[in-house]
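Student: My questions will all concern the structure given below.
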Amino acid sequence: MNTLKSKINQILTTSPFDYAIQINRGTDILMATNTQVIFSAASLIKLGIARYLVDLSQKNPDILQERLSFIAEQRVGGAGIIADLDQNSWLVEDLIRLMLSLSDNSATNLLLHHFTVLKIHNWLNAHYSQINLRRLMMQASHKHQDNSLTLSSLMQLWQDLFNDHSAGARIVQQALSHQHNQQKLVANKNQLVTYNKTGELALEEHDLARFQFTKQIIDCGILVHFNDPSQRKQAIKLIQQIGTLVINHFDC
């Protein structure tokens, strides 16, 4: 693993970006840099929403079959397909799948309106103190009102989702295995089984992934902030390079 760490460090030391990276094998942290630094969450906050709903469904399994209906202002642009569909009501479990696999903003906002931003934020703060949910998707953010997190808290949440064997957690895991955006860490996954969730904002590119081959499992998270939109392709390339190094580390 030292070889993998040194190769990744060689890439990162020449990077012009602000970044955080953590690599775990099980509960063992193999690499962790800047994991306590606060970043804009982008769509990775949807993992926090999913974690809250998994916990809620353990107390009330029927919640996953509850049907929610849109009102006009809950349909928003950005990622996803619901805003363009005629269907008006959706099961909570289907909204979770769409929120994670397609990063659907309208699905996310419908869940946030129903379960409330404040209630989910308070739950996240109680369990993962450095994850903050303060606004809806596609809502203008202001100072101290953005969705934010640290990679250390996010990685703990990620592993908690995979260590959970409830029906809600299985829905989340399945959705992450069908993530639409596989162009970053898992872009060159070959025969590995992968689960991932990406996040993008004007100046952010993030990805969190689980790589699995037989009994080998590695979790890798990377958060990247750049200073100019023209650097986006370079940031994505950096994340792809790190993912390829992790993939090549497996005994396939």
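Student: Filter segment 26-67 down to residues that are within 19 Å of H121 (Cβ to Cβ) and small (G, A, S) and give me whichever is most open to solvent (accessible area, probe 1.4 Å). Show your work before the answer.
Tutor: Start the filter on segment 26-67 by keeping residues that are within 19 Å of H121 (Cβ to Cβ), which leaves 38-57, 59, 63.
Still in the list and also small (G, A, S): 40-43, 48, 50, 57.
Values: S40: 33, A41: 0, A42: 12, S43: 16, G48: 2, A50: 1, S57: 9 Å².
Here the answer is S40.
Student: Run A167 past the list (1) farther than 21 Å from I21 by Cβ; (2) buried (at least 17 other Cβ atoms within 10 Å of the Cβ) and report the number of the one that doesn't hold.
Tutor: In the conditions (1) farther than 21 Å from I21 by Cβ; (2) buried (at least 17 other Cβ atoms within 10 Å of the Cβ), A167 misses (2) alone.
Student: Kindly evaluate F162 against the criterion of being out of contact with any strand residue (DSSP E or B) (no Cβ under 6 Å at 6 or more places or on another chain) and either modelled with pLDDT of 95 or more or open to solvent by less than 10 Å² (accessible area, probe 1.4 Å) (or both). Break it down into steps so the answer makes sense when it comes.
Tutor: Details: out of contact with any strand residue (DSSP E or B) (no Cβ under 6 Å at 6 or more places or on another chain): yes; either modelled with pLDDT of 95 or more or open to solvent by less than 10 Å² (accessible area, probe 1.4 Å) (or both): yes.
Taking the combined requirement at face value, the residue satisfies it.
Student: Of the residues I222, I236, which single one is open to solvent by 10 Å² or more (accessible area, probe 1.4 Å), closer than 18 Å to S43 by Cβ and not hydroxyl-bearing (S, T, Y)?
Tutor: Values: I222 fails: open to solvent by 10 Å² or more (accessible area, probe 1.4 Å).
When all the criteria are applied, what remains is I236.
Student: Give me the pairs, please: first residue somewhere in segment 228-247 and farther than 21 Å from Q22 by Cα, second residue anywhere and of a type outside the set (A, V, I, L, M, F, W, C) and surrounded by fewer than 18 Cβ atoms within 10 Å (Cβ to Cβ), beta-carbon distance under 9 Å, and either six or more positions apart or on two chains.
Tutor: Q231/P16
Student: Okay, moving on. State whether the residues of segment 179-199 include one that is open to solvent by 10 Å² or more (accessible area, probe 1.4 Å), without any contact (Cβ under 8 Å) to a residue 60 or more places away in the chain and among the aliphatic types (A, V, I, L, M).
Tutor: Yes: one or more hits.
Student: State which residue is modelled with the lowest pLDDT when the search covers only segment 108-132 and only residues that are closer than 29 Å to T33 by Cβ and in a loop (DSSP other than H, G, I, E, B).
Tutor: Applying the filter and picking the extreme gives S129.
The values are calculated or read from the model by the stated rules, or taken from the named source; none is laboratory data. Given the structure is predicted, the values throughout are model-derived calculations rather than measurements. Cβ: placed from backbone, ideal geometry, glycine included. Neighbour counts: every protein chain shown. To get the accessible areas, we keep the full protein, side chains included, count just its heavy atoms, and leave off ligands, DNA and RNA. Shrake-Rupley method; radii C 1.70, N 1.55, O 1.52, S 1.80 Å.
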